[in-house]
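Nothing in this text is a laboratory measurement; each read-out follows from the coordinates by a stated rule. Computed from a predicted model, the values in this text were never measured in an experiment. Counting neighbours? That spans all protein chains shown, and the Cβs are built from the backbone with ideal geometry, glycine included.
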Amino acid sequence: KEKERAEKELRDEEARKRAYEEMRIRQEKAQSMIKPLLNKIEREEAKRKEFVRNIVCAILVTLILWVILWVILNRVVAYNVGYMGNADLTIGVNAILACALIVALVIVIIKFNSKEIGTSAEIDKMKLKVLLYREKAGECEIEEDIKKCIKVVIEDKTPYSTLYEGNIKSICNERGLSPTYRQLSIIINMARSGKVGYGSSK
């Protein structure tokens, strides 16, 4: 009996060691995936901010140049050429200026839209993926139902420009999941903040 007890204790100890080693490997693997994702999220968010800043600046510069051109044509040239009192010529010049402004703005928007920039939904999905890796690493706990919904949202290839309750619900419903309003709110909060926001840390 002593021998059997000793053998059982040895087997239990080996099983604990194996379980601990497996958990350690899983945690290390999860941790190694978190940093590159966080760096990618940071780069994408910086690119989006730069994109918005550049397009606003480009539109402002275009408008300022257009106003200067309008003043030159309607004040300086009009006065010298003498069509100030001619309604048809005034309308024609203003129509040309309006067309020039529209074309300039379209060119600016097309130029900036051609750049590869991640959508807010893609950034949100990356943040959700980070949270799943953190859960694997034992840094936090996520309810099983919410975890299933998050996995479905991450895997979805629909090109939504942003994530909100409605499209998350439709994605989940297609895969046989029915998240509650509370769960949808939690998922949205996690996607926006990149934090679990509930549950206990291990």
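Summary table
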quantity: Extreme residue, positive dipole direction of the stretch 124-179, given options P159, I142, V130 (C-beta unit charges); calculated: P159
quantity: Per-residue HN-Hα couplings for the stretch 181-194 [Karplus 6.51, -1.76, 1.60; θ = phi - 60°; Hz; x = Gly/Pro]; calculated: 4, 4, 5, 4, 4, 5, 4, 4, 4, 5, 5, 6, 8, x
quantity: Proximal lysines to K151, defined as alpha-carbon separation beneath 20 angstrom and excluding residues fewer than eight positions away on the same chain; calculated: K29, K35, K40, K125, K127, K129, K136, K169, K195
quantity: Mean Cβ count within 10 Å, highest first, over the residues of peptides 38-51, 123-136, 166-179, 1-14; calculated: 123-136, 166-179, 38-51, 1-14
quantity: Per-pair calculated FRET efficiency, R0 = 41 Å: Q27 and F51 via Cβ, rounded to 0.05; calculated: 0.70
quantity: Additional length obtainable on full extension of the chain from R192 to D12, 0.36 nm per residue less Cα span; calculated: 60.4 nm
